[in-house]
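Worksheet: one structure, shown below.
A short reminder: the numbers here are calculations on the coordinates, not readings from a lab. Quick caveat: nothing in here was measured; it's all calculated off a predicted structure.
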Amino acid sequence: MSYKHIVVALDLGEHSEYLANRATTLAKALDAKLSFIHIDVNYTELYTGLIEVNLADSQIASTKNSTKQLQELSDKVDYPIEGILVGRGDLVDELSEAIEEKGFDLVVCGHNHDFWGKLLSNTRHMIHDMPVDLLVVPLKS
């Protein structure tokens, strides 16, 4: 199977560069376009009580920071990056929307093989609900 546009879902954690490099190797081999995406948590959906800080300002700052980190990561890989996307909300919903809008045909994501990876991983949800192929790269602690 030949993929034309690969998107890498990055959490901007310690394994992001490794995952980006793995996806870059695949994109090179397939001569495919490569994009990065990061989905931030939407705090307004999680917290319904009174709060002193302006969540909108906080989320704007978070999006700018995420975009900056993705740009820095794209500068490190030896391949042109077609697009850098930052979303907010449910990972699978945001990814599915980006897939439809941008025409991605492969999602690359990582999965931690540790206690927290088993307990809190989005991978199972992604496997069930991704509208395109999904490549899960094992990440070791």
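Tabulated data for the structure shown
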{"read-out": "18 Å Cα-Cα reach of Lys68 towards lysines, excluding residues that sit fewer than 8 places from it in its own chain", "value": "Lys76"}
{"read-out": "Difference of contour (0.36 nm per residue) and Cα-Cα distance, Ile127 to Lys4", "value": "42.2 nm"}
{"read-out": "Linear extension gain, Ala29 paired with Ala61, 0.36 nm per residue minus alpha-carbon span", "value": "7.9 nm"}
{"read-out": "Potential lengthening between Tyr18 and Lys102 on full extension [0.36 nm per residue; Cα-Cα distance subtracted]", "value": "27.9 nm"}
